[in-house]
Amino acid sequence: MMDRRRFLTVGAIALAAGLGLSAPAAAQESVKIGLILPMTGPFASTGRQVEAGARLYMSKHGDTVAGRKIELLLKDDAGTPDQTKRTAQEMVVNDKVSFLAGFGLTPLAFATAPISTQAKVPTIVMAAATSSITEKSPFIARTSFTLPQASVIIGEWAAENGIKKVVTLVSDYAPGADAQKWFASAFTENGGEIVEEIQVPLRNPDFAPFLQRVKDASPDAVFVFVPSGAGAAFMKQFRDRGLGEAGIRLIGTGDVVDDDILNDMGEAALGTVTAHHYSVAHDSPENDAFVKAFKAANDGMRPNFMGVAGYDGMALIYQALEKTGGDTDGEKVMEAIKGLAWTSPRGPISIDPKTRDIVQNMYIREVKSVDGELYNVEQETFEAVKDPAKEG
Ligand code: DHB
């Protein structure tokens, strides 16, 4: 069978010959990466961060890998799955992209997975974090994180640090379900008790009535997962309802205190303890350089965990192409991706060859004021954590 790529190559060489170009010049055509992100709508902060991270990687490492020019094609999906899917289709068929990348929310990654499989196009998930995403296609790999990775760590920490009763409050979609389930199992297995489970709408949530329910249950702590960007509205309601004064601690995955918006949350955020894979305050030479360059290129914007995952997503693509010598065949690229390992601004990371998911350090962090700014200050490190949902 003559596949599409082979056909295209033959066609391109014929065309090049007609134009008087040499065949090697045709073989050097650029590698296109279709970056699909929510650049508008309620999750635009995720798009802005991932794009900034990806562009920073390219500006630091050049736009040529293994002799091939890299071209980033950015499209806005406004955070709606139908649009993500249609855009992915167009990019594969019309633009002939060799990679798909981005995916600001889980439903957007789910919508694209069948296209990745059919077209055999390596698809790099740089934001979405439901565990099962990488199981939806053998052509998906991930540079963000999984909710179980973070939720198990904070569940164990809570049980070991005097917290006995918890209300869980999560956004009502797949990553929220992952967070709830894996936090609850780690916490209860270590002696904790879940007194209530609350789901809040993903879009335009009014947290006030839900936080009143938390207050009425008077737990030791509320465990929270909301997607990146939603933390500011949550924190405002947490303060306005006086949960802190009522002695209810705030714990969660790091999404609720994302570094992009943390500084504007004010005193209510102080003392929040979360588990996550990236803090802008991470102490390493790689992170110092990353944060400085990121801020310089983006009007002083702080990178958050989405920014670092965009940066690392491009690092993954560059390294995979180095390994294949610039060959973009989907199966060869996926083989090259498996087992890649490098030092990210977040710490050491690798791609699990079995699951194509990220293996990384997880940190327990507490929000503190340092030199007049709020930071997630890392206190404890758990090394090389795999996605717990895929172990065993
Ligand atoms: C997802 C989105 C987020 O913004 C986040 O912080 C975590 C997970 C998601 O939809 O998978």
Odd one out for ARG356, checked against (1) surrounded by fewer than 16 Cβ atoms within 10 Å (Cβ to Cβ); (2) touching a helix residue (DSSP H, G or I) at 6+ places or on another chain (Cβ under 8 Å); (3) part of a loop (DSSP other than H, G, I, E, B): (1)
Restricting to segment 147-185, and then to whatever is in contact with a Ser or Thr (Cβ under 7 Å, 6 or more places away or on another chain) and among the hydrophobic types (A, V, I, L, M, F, W, C), can you tell me which residue is nearest to TYR278 (Cα to Cα)? ALA150
Out of (1) surrounded by fewer than 24 Cβ atoms within 10 Å (Cβ to Cβ); (2) more than 16 Å from the ligand (Cβ to nearest atom); (3) not in a loop (DSSP other than H, G, I, E, B); (4) not aliphatic (A, V, I, L, M), what's the single condition that is false for GLN180? (2)
Condition check for LEU374: in contact (Cβ under 8 Å) with a residue 12 or more places away in the chain and within 24 Å of ARG55 (Cβ to Cβ): no
Among the residues of segment 138-161, is any touching a residue at least 12 places away in the same chain (Cβ under 8 Å), surrounded by fewer than 21 Cβ atoms within 10 Å (Cβ to Cβ) and assigned by TED's automatic domain parsing to the domain that holds ALA309? yes
Tell me, yes or no, whether segment 233-246 has at least one residue that is surrounded by fewer than 19 Cβ atoms within 10 Å (Cβ to Cβ) and within 16 Å of the ligand (Cβ to nearest atom). yes
Leading residue by the ranking (farthest from the ligand (Cβ to nearest atom)) among those in segment 89-141 that are among the aliphatic types (A, V, I, L, M) and assigned to a loop (DSSP other than H, G, I, E, B): VAL97
Give the residue, chosen from GLY307, GLY229, GLY326, GLY252, that is in contact with a Gly (Cβ under 6 Å, 6 or more places away or on another chain) and within 16 Å of the ligand (Cβ to nearest atom). GLY307
What strands (runs of 3 or more DSSP E) lie completely within segment 218-325 and have 3 or more residues being of a type in the set (Asp, Glu) and closer than 22 Å to ARG365 by Cα? none
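The values are calculated or read from the model by the stated rules, or taken from the named source; none is laboratory data. Treat the numbers as computed from the prediction; the structure is a model and nothing was measured. Reconstructed Cβ throughout: ideal geometry from the backbone, glycine too, with neighbour counts over all protein chains shown.
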